[in-house]
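Accompanying notes for the structure given below.
The values are calculated or read from the model by the stated rules, or taken from the named source; none is laboratory data. Nothing here was measured: the structure is a model prediction, and the numbers come from that model. Because the Cβ atoms are built from the backbone with ideal geometry, glycine has one as well, and the counts that use them run over all protein chains shown. Protein only, heavy atoms only, side chains kept; ligands, DNA and RNA dropped before computing areas. Shrake-Rupley method; radii C 1.70, N 1.55, O 1.52, S 1.80 Å.
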Amino acid sequence: ATRRKISPGGGAPPPADARLAGLTSSTMYVDESSLTGESVSVGKSPWDEGISTVDVTRGEGEGASTIPIQDQSSMLFSGTLITRGSGTAVVVRTGPSTQMGRIQSTLSEAQLETEERKTPLGEQLDEFGTTLSYVIGGICLAVWLASIPRFGDSVFDSWIEGAIYYAKVGVALGVAAIPGGL
């Protein structure tokens, strides 16, 4: 275990989850709002109660007890800010094992779950969007085909110029007809 001096340093976050080993000032306060939602900084004191014994990589271990984050007064968490005081701490968790890492992995899992399965409404919207695209494409093609007699009008230099112009009209009609959300 490596000890490292920690201090506010302009609101520097602890680099990992760490147990406060000692204070080099009379008090230490940490803003844990990113984890707990509390609006005020909480006081920290060294070796007060220990950390949660939950194995963060495999769920709860045998006889594990969970101490809520806000009650772990000797723990400093990655992603929180030291607002007052300074001290030394022993790193106990890094990377995905930290509280922030657990939150991130939970969010990633939830995102994958929602991407893998579609709701009935999502399936209906996909089906509707596909059908609407075919219908609008057919209407655009019909508009272009109905315009064939006008390709040779005197306003165009050639028959091809007229065909391109009415193709652009058909595409503009299709773009205007498809809703932005689809």
(request) Report, by chain and number, residues whose modeled amide H sits under 5 Å from the one on Ala89, excluding near sequence neighbours (fewer than 5 apart, same chain). (result) Arg4, Ile6, Ala21
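Take Thr36, Thr119 and sort them by solvent-accessible surface of the protein heavy atoms, 1.4 Å probe, largest at the top.
Thr119, Thr36
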(request) Can you tell me which of 145-153, 71-79, 172-180, 158-166 comes out highest on packing, and rank the rest after it, using the mean Cβ neighbours within 10 Å? (result) 71-79, 158-166, 145-153, 172-180
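Taking K and R as +1 and D and E as -1, what net charge do the other residues with C-beta under 13 Å from the C-beta of Val143 add up to?
Values: positive: Arg150, Lys168; negative: none.
Within the 13 Å Cβ shell, the charges total +2.
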(message) I need the phi-derived Karplus couplings for region 133-138: 6.51 cos²θ - 1.76 cosθ + 1.60, θ = phi - 60°, integer Hz, Gly and Pro marked x.
(response) 4, 5, 5, 5, x, x
